[in-house]
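Working notes, beginning with the structure itself.
The values are calculated or read from the model by the stated rules, or taken from the named source; none is laboratory data. Owing to the predicted nature of the structure, the values given are computational and were not obtained by experimental measurement. Virtual Cβ from ideal backbone geometry, glycine too; neighbours counted across all protein chains shown.
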Amino acid sequence: MSNKINEDTTIHTPFSQTYFHGTKADLKLGDLIEVGYNSNFGKRNNAKYIFLTATLDPAIWGAELAVGLGRERIYLVEAIGELENDPDLTDKKFPGNPTMSYRSTEPFRVVGEVTVWQKHPTEQVKAMKDALSKLKEQGINSLNDE
């Protein structure tokens, strides 16, 4: 990442914006998270997008709701390409983007892992899973499937 002061001077900074990504995948530093795997939500099709957030709570939900047998994990990631607001968590449901949740078709690089975080209460996770199942039964899927 660099910041231009004028045409002749560039200052390089060692920090770039990091985000959170919740999953059950076992990843290592430097791994890329890419599109092409089955989505955790909606129709569970081959994912067109990958997701990240600048706030911890949505990443916790991502880890808790992810399918699979792996351990729930939250990774720190850097976006390699352009990001856009996640329509499932922005203007369609909440004004603006209060969760600071984004999606991309371009990879994210794993730069760390959050190893200490607090899960949501078991009954709250169950209620969320039940609500998602009910939406699926009603044929209401993720906006990210469109």
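In region 66-95, the residues that are more than 16 Å from THR55 (Cα to Cα) reach residues that are at pLDDT 85 or above and surrounded by fewer than 16 Cβ atoms within 10 Å (Cβ to Cβ) with C-beta atoms within less than 6 angstrom, at least six apart or across chains, in these pairs: GLY70/ASP26; ILE80/GLU106; GLY81/GLU106.
The set of residues in region 72-121 that are among the aromatic types (Phe, Trp, Tyr) and part of a strand (DSSP E or B) comprises TYR75, TYR102, PHE108. Criterion applied to ILE33, ILE60 was being modelled with pLDDT of 85 or more, among the hydrophobic types (A, V, I, L, M, F, W, C) and closer than 24 Å to ASP130 by Cβ, and the one residue passing it is ILE60.
Here is a yes/no grid of residues against (1) under 28 Å from LYS28 (Cα atoms); (2) hydrophobic (A, V, I, L, M, F, W, C); (3) surrounded by 14 or more Cβ atoms within 10 Å (Cβ to Cβ); (4) modelled with pLDDT of 95 or more:
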{"site": "ALA79", "(1), (2), (3), (4)": "yes, yes, yes, no"}
{"site": "GLU82", "(1), (2), (3), (4)": "yes, no, no, no"}
{"site": "ASP91", "(1), (2), (3), (4)": "no, no, no, no"}
{"site": "PHE94", "(1), (2), (3), (4)": "no, yes, no, no"}
{"site": "PRO98", "(1), (2), (3), (4)": "no, no, no, no"}
{"site": "TYR102", "(1), (2), (3), (4)": "yes, no, yes, no"}
{"site": "PHE108", "(1), (2), (3), (4)": "yes, yes, yes, no"}
{"site": "GLN124", "(1), (2), (3), (4)": "no, no, no, no"}
{"site": "ALA127", "(1), (2), (3), (4)": "no, yes, no, no"}
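When ARG71, ARG44 are screened for being surrounded by fewer than 19 Cβ atoms within 10 Å (Cβ to Cβ), basic (Lys, Arg) and modelled with pLDDT of 90 or more, only ARG71 passes.
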